[in-house]
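Notes follow the structure.
Every read-out reported here was derived from the displayed coordinates using simple, explicitly stated rules and does not represent laboratory data. Predicted model, so just to flag it, every value in this text is computed and none were measured. All Cβ positions, glycine included, derive from the backbone under ideal geometry; neighbour counts span all protein chains shown.
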Amino acid sequence: MNDATLHSVVVPVFDEEPGLLNFHGRCRAALEGLGEPYELVYVDDGSRDGSWEVMRGLAAQDPHVRLVRFSRNFGHQVAISAGVENAAGDTVTVIDADLQDPPEAIPELIARWRGGSDIVYGVRAKRHGETRFKRATAAAFYRLMRWLADVDMPVDAGDFRLLSRRAVTALLSMPEHDRYVPGMVAWIGYDTAIVEYERDPRVAGETKYPLAKMVRFALDGIMGFSMRPLRVATWLGVAVSAAAFVLAVVLIIVRLFGDVAVQGWTSLAVLLLLLGGVQLVTVGALGEYIGRIHNEVRGRPVYLVRERQGFATDGAGMASSDDLLRAHRRDSSSGPIV
Ligand code: UDP
Ligand code: MG
């Protein structure tokens, strides 16, 4: 067993009680087929249904299961980060609990890792059973992100991906509180590969990403990985000032040499509203960045753990709740944590 490779699978869970057993069955079958040691790290992101009881049942029967339970809901991206942090594998694969991403594809991701890639993306070739609105907004978002972001992000790759140990180490060395994992992974920059798969409908339950959460996720991505909104604000200012200058010259010429009295009220009102709008949007964009700075400066833990199960180091606090924070504090000088 000593030289064998350990594969970890990280599963964020939020109110997934109806489909969880089914998920575990399929995931286990896929992993057993590998013939190598594996572990399943479930992260309960403050579920309000019976998910935790189901997970405890799984841990009681299956020695491959590790459980982390948050004190409350911290969000999908944080749950992923915590799972990755608690995983011990040479490969760490993140997969959603709703079976939209097929566990059967995991061996394929691992094969690409064997081929030398540090990051293997599951890319959605097709999406079944999602509303046209969700598909359209997702497609638009991934393309917008690609244009906006300062790092090269793959289009249509969700959170189904494999990380090598050194990619995990890189990810854990990033202490930010607004954790937009797709961007953080893209930032790493090691060799990547792609495995295409078809995205299935959810087997049970409902999406946990209503519109408001999707917008929040999009903003995290844009604000965390791009200064472009600030630059757009600057360019808007330049454009408006230039337009105002041209208009002023024209109006002065008309006033001096023409005999038309310039009619003013409507144009003034429109200009005033336009300028007010531009300014408010700009202040809003600034505010978004400042809010995020505030969030970072407070330096709170990224998440808190209520309990853990199935880890060899249970209770010993080896990889406990606020490792990310401690890394943050300890670590302005030294290298990555782990
Ligand atoms: N999830 C989570 N915390 C949340 C929302 C979602 O851990 O606050 C989990 C959820 O249980 C699922 C995964 O993240 O395993 C993806 O969520 P969902 O399927 O609702 O997103 P969608 O596929 O609709 O984008
Ligand atoms: Mg889903």
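A few comments on the model shown:
- Farthest toward positive dipole pole in the chain [+1 Lys/Arg, -1 Asp/Glu at C-beta], among Phe160, Phe257, Met145: Phe257
- Across all Cα pairs in the chain, the calculated P(r) in 10 Å bins from zero up to the longest distance comes to 5, 22, 30, 20, 9, 6, 5, 2, 1, 0 percent per bin.
- Acute angle (nearest 10 degrees) that the helix 76-86 long axis makes with the longest principal axis of the chain, alpha-carbon atoms: 40 degrees
- Each Lys or Arg adds one and each Asp or Glu subtracts one; over the other residues with Cβ under 15 Å from the Cβ of Gly50, this totals -4.
- Shape of the stretch 71-144, Cα gyration tensor, a/c cut at 1.5: oblate
- Nearest-ten-degree value, helix 51-61 long axis tilted from longest Cα axis of the chain: 30 degrees
- Against the main long axis of the alpha-carbon atoms of the chain, helix 132-148 sits at an angle near 70°.
- A simple charge model with +1 on the Cβ of Lys and Arg, -1 on the Cβ of Asp and Glu and nothing else charged puts the dipole of the chain at about 1020 debye relative to its Cα centre.
- The slack between Leu271 and Arg48, meaning 0.36 nm per residue of separation minus the straight C-alpha distance, is 75.2 nm.
- ³J(HN,Hα) computed for each position of the stretch 124-129 - Karplus, 6.51 cos²θ - 1.76 cosθ + 1.60, integer Hz, glycine/proline x: 6, 6, 9, 10, 9, x
- Helix-only arithmetic for the chain: the sum of -39500 (n - 2.57) across DSSP H runs with n ≥ 4, divided by the residue total, places the mean residue ellipticity at 222 nm at -16000 deg cm²/dmol.
- Calculated diffusion of the stretch 203-321, Stokes-Einstein form, Kirkwood radius summed over Cα pairs, 10 °C and 1.306 mPa s, µm²/s: 80 µm²/s
- Extreme residue, positive dipole direction of the stretch 131-270, given options Ala170, Ala136, Phe245 (C-beta unit charges): Ala136
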